[in-house]
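Every number in this text was worked out from the coordinates using simple rules, so none of it is lab data. Remember, predicted model here, so these are calculated numbers, not experimental data. So basically every Cβ, Gly included, is an ideal-geometry build from the backbone, and we count neighbours across all protein chains shown.
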Amino acid sequence: MGVSVQQLLIILVIIVLLFGAKKIPELAKGVGKGIKTFKKEMEDDTPEKVEKKAEEEVRDAEISDNKKA
């Protein structure tokens, strides 16, 4: 159930008609930046880093509670 070349061409023509040829590079750049950011955030969410971040948040909350008391 793949996409044929003919279907891709039809989709490309529709995109060009909707956005115009000048906007397509800007859209592609935006999508690329979004994917790059998503991948970076996924790498930052390794189990070790998530656990360390949670421990830091608990420590910060304890410090803030001690300051209030």
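Taking 7 Å steps out from each Cα toward its Cβ at V31 and L8 produces label points 1.2 nm apart. Note on S64 and L17: the model spin-label points, each 7 Å out from Cα along the C-beta direction, lie 5.3 nm apart. Counting only alpha carbon atoms, the long axis of helix 23-44 and the longest principal axis of the chain meet at about 30°.
Helix-only mean residue ellipticity at 222 nm, the chain, DSSP H runs n ≥ 4 weighted -39,500 (n - 2.57), per residue, nearest 500. What is it? After summing the helix terms and dividing by residue count, I get -29500 deg cm²/dmol. Within the chain, the percentage of alpha carbon pairs spaced more than 13 angstrom apart rounds to 78%.
If you line up the long axis of helix 5-19 against the longest principal axis of the chain, both from Cα atoms, how many degrees apart are they, to the nearest 10? Helix 5-19 sits at roughly 70 degrees to that axis. Against the chain, whose longest principal axis is taken from its Cα atoms, helix 47-68 shows a tilt of about 50°.
For the chain, with only Lys/Arg (+1) and Asp/Glu (-1) charged at the beta-carbon, what is the dipole magnitude about the Cα centre, in debye rounded to 20?
Values: 13 positive and 13 negative charges, 134 e Å.
Rounded to the nearest 20 debye, it is 640 debye.
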